[in-house]
Amino acid sequence: MHPGAYNLGGNDFHLAFTVDGYDEASRLHKEMGCVCYENSTMGIYFIQDPDVYWVESIPGKK
């Protein structure tokens, strides 16, 4: 977690990561209640960090 408040300005953007074990990570994040948006057609989902910024999870290469 970032040590202090930060402001990304008015730009809407997010971080995206490829995730090995995507299905397991998705299940865990859903159980934790931190998934804020899921697009099952595209096979991605987003979680919110403690400062309410979105982090995108993308399946790693198989």
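The values are calculated or read from the model by the stated rules, or taken from the named source; none is laboratory data. This structure is a prediction, so every number in the text was calculated from the model and none was measured. Neighbour counts run over all protein chains shown; Cβ positions are idealised from the backbone, glycine included.
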Would you check if there is a residue in the range 6-28 being modelled with pLDDT under 90 and of a type in the set (Val, Ile, Thr)?
no
The range 31-48 - residue that is under 11 Å from HIS14 (Cβ atoms) and touching a Cys at 6+ places or on another chain (Cβ under 9 Å) and, of those, surrounded by the fewest Cβ atoms within 10 Å (Cβ to Cβ)
GLN48
Taking only the range 29-59 into account, find how many residues are more than 9 Å from the chain's Cα centre (by Cα) and either basic (Lys, Arg) or modelled with pLDDT under 90 (or both).
4
Considering the range 27-58, residues that are of a type in the set (Val, Ile, Thr) and not in a loop (DSSP other than H, G, I, E, B), and then whichever is nearest to PRO3 (Cα to Cα), we arrive at VAL55
